[in-house]
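One structure is given below, encoded as structure tokens.
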Amino acid sequence: MSDSFFASTRKRKKPGFSNQKRPSKPAGNKRSRDAAADESDNDDQIGAGGIDDMELRGSDVESEEEIQETAAEKRIRLAKGYLEGIQKGLDEDIGGFDAEDIDRDLIAERLKQDAFETTGKLHRRIADKFDFSGVDISTIRQCKGHQLAVTSVAMTENGKFLYTASKDASIIKWDALTMKKLHTFPGARKGVKNFNGHTDHILCLALSSDGQYLASGGKDKAIHIWSVTEDKHIVAFKQHKDSISSLAFRRGANQLYSASHDRTVKLWNVDERSYIETLFGHQDQITDIDTLARERCVTVGGRDKTARMWKIVEESQLVFRGGAQVKEKDGSGTVRYAEGCLDCIALVDEDMFVTGGDSGSISLWDINRKKPVFTYPIAHGINEHESESEGIIGTPYWITTLATLPYSDVFASGSWDGFVRLWKISANNRNFAQVAQIPIAGVINDLQILTTPAKKTILSLGVGQELTLGRWIRMKKAKNGARLLELPVKTLDTELEEEDREEDQADGDDGFLVFSR
């Protein structure tokens, strides 16, 4: 059951021409218009694929008169403009024939393709193309330049530059091919004023899809925007009241989403250097956020044990309640491990996402279901340590970070068990299994999977001796820095390995069963 969202709904302005008057509407049609709007909104609430899911562009001319417009009317207006744009493009492609001569199938095919790309319905099944057995540890590239633990990494989509952020309040720009340091954005001591940079631990980074902007956030409650091309500070946003825990740029637009320990999500227009709005709903610190192409984002709220999908245009949210319990398999019903905190989240596509938390379980979710589609218990194993009073105690390695290759069947997870693990989602999107584990010493605080224009799939990792938000763990043998690994592709001579070899473990071979609360 969805929680309540905004206390009041806001009407949006309708673009128009300033020299036109608003046409009067017959009073008798109001009920039919309201019914049509309600029916359209209900259809849009279920899933992707509607006309509002596509990147529609309307007129940029603003009316001097504030004309009220419903969500349904906005979709109709944008759809008309979008169809006119497609028709104009087809006119140019086929040599300027009249509209009557344009084949309707061409428009339908273009609409279908655009909708698939925008909504993420066109899945890429690429996990089997990688030769995970051919991963050579010696080929992992490393960069070391931070004094303290690396908390976040971000690579440009062209694969040229890598950014790393650390608890030492600095950001370093690297050449992703040679791993040479190109530029350093230094930090300052805590409490320093009028400084264009961070003055406390940096917790997160995000790069815009056009490669223009780098955003960073940290414990100093500030979001800083940097120029990628000019290596300079642009602007700082300081409206949050607590630490900035996560940042995400919307694909195809310079719209920034920020999550904070003050339990809010804020939206920013980086092109205009302006604040847009604030979203409320979580009952605890927001620990992670992610977004793709649509005007939506997903978050997890720490110990409120909820994941939420925020629908920006509709001004609503969907609430997904975690709290999976790992029970003994002997039928006694004894709860061995309970999920007390959701720490990380990553979108697989516009309709699916994965979450991880302190119980060590990874859950796969569908936005049309309130419970997880599938939960993999104790994904990174058990951490055993000795207690003076109780002897050896085993607790799960909790999931510190998740990263997906969007619109595909591959994602990665990190902890501090000594491995980064790669997973494959099944063809029916109902479960997943481990396909590889790559040894990495240290705490994996951040992950990113990216396919470059050269068709190389690169896994980047932020590794430290400590966790991002605390010092409960200190791994002295680990080295603070970033790691880069190119996932090898199978050759024609490579034999296909056995698929889903970890299915038995997913079913509970370790003696535990998973139950969603």
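The values are calculated or read from the model by the stated rules, or taken from the named source; none is laboratory data. Computed from a predicted structure; not experimentally measured. Neighbour counts run over all protein chains shown; Cβ positions are idealised from the backbone, glycine included.
Numbers below:
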item	result
Criterion (of a type in the set (G, A, S) and more than 15 Å from G217 (Cβ to Cβ)) met by exactly one of A253, A259, A236	A253
Region 237-285 - residue that is surrounded by 15 or more Cβ atoms within 10 Å (Cβ to Cβ) and among the β-branched types (V, I, T) and, of those, farthest from the chain's Cα centre (by Cα)	V270
Which numbered condition M179 misses (of (1) under 30 Å from T457 (Cβ atoms); (2) loosely packed, with under 15 Cβ neighbours inside 10 Å)	(2)
Every residue from region 399-429 that is under 27 Å from V150 (Cα atoms) and among the polar types (S, T, N, Q)	T400, T401, T404, S413, S415
Positions within region 154-167 being free of Cβ contacts under 8 Å to residues at least 60 places away in the same chain and more than 20 Å from the chain's Cα centre (by Cα), in sequence order	K160
Counted residues, region 403-424 - those being of a type outside the set (F, W, Y) and closer than 24 Å to E384 by Cα	9
Test result for I425, more than 19 Å from S152 (Cα to Cα), within 18 Å of the chain's Cα centre (by Cα), at pLDDT 95 or above and buried (at least 20 other Cβ atoms within 10 Å of the Cβ)	yes
Check on T229, over 30 Å from S363 (Cα atoms), in contact with a Gly (Cβ under 9 Å, 6 or more places away or on another chain) and among the polar types (S, T, N, Q)	yes
Candidates T199, T139, T151 - the one that is closer than 24 Å to K490 by Cβ, in contact with an Asp or Glu (Cβ under 8 Å, 6 or more places away or on another chain) and touching a residue at least 12 places away in the same chain (Cβ under 8 Å)	T139
Residue count for region 202-222, restricted to those that are in a loop (DSSP other than H, G, I, E, B) and surrounded by fewer than 22 Cβ atoms within 10 Å (Cβ to Cβ)	7
Residues satisfying the stated conditions in region 178-202, i.e. over 16 Å from G145 (Cα atoms) and not acidic (D, E)	A188, R189, K190, G191, V192, K193, N194, F195, N196, G197, H198, T199
Which numbered condition T494 fails, given (1) at pLDDT below 90; (2) closer than 25 Å to Y337 by Cα	(2)
Any hit, region 320-340, residues being among the charged types (D, E, K, R) and either crowded, with 22+ Cβ neighbours inside 10 Å or at pLDDT 95 or above (or both)	yes
Cβ-Cβ under 9 Å pairs, at least 6 apart or on other chains, region 388-400 side farther than 15 Å from W416 by Cα, far side of a type in the set (D, E, K, R) and loosely packed, with under 10 Cβ neighbours inside 10 Å	I392/E384; I392/E386; I393/E384; I393/E386
Long-range neighbours under 7 Å by Cβ, at least six apart or interchain, first residue free of Cβ contacts under 8 Å to residues at least 24 places away in the same chain within region 234-246, second surrounded by 16 or more Cβ atoms within 10 Å (Cβ to Cβ) and not polar (S, T, N, Q)	K238/K221; K238/A222; K241/K221; K241/D262
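A quick yes/no check of all residues on (1) in the same structural domain as G211 (by TED's automatic domain parsing); (2) part of a loop (DSSP other than H, G, I, E, B); (3) under 20 Å from F185 (Cβ atoms); (4) modelled with pLDDT under 95:
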{"position": "I225", "(1), (2), (3), (4)": "yes, no, yes, no"}
{"position": "V235", "(1), (2), (3), (4)": "yes, no, yes, no"}
{"position": "G252", "(1), (2), (3), (4)": "yes, yes, no, yes"}
{"position": "K266", "(1), (2), (3), (4)": "yes, no, no, no"}
{"position": "T278", "(1), (2), (3), (4)": "yes, no, no, no"}
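Yes/no matrix, rows are residues, columns are (1) surrounded by 15 or more Cβ atoms within 10 Å (Cβ to Cβ); (2) at pLDDT 90 or above; (3) of a type in the set (A, V, I, L, M):
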residue	(1), (2), (3)
V435	yes, yes, yes
I438	yes, yes, yes
I444	yes, yes, yes
S460	yes, yes, no
T468	yes, yes, no
K477	no, no, no
N480	yes, yes, no
R483	yes, yes, no
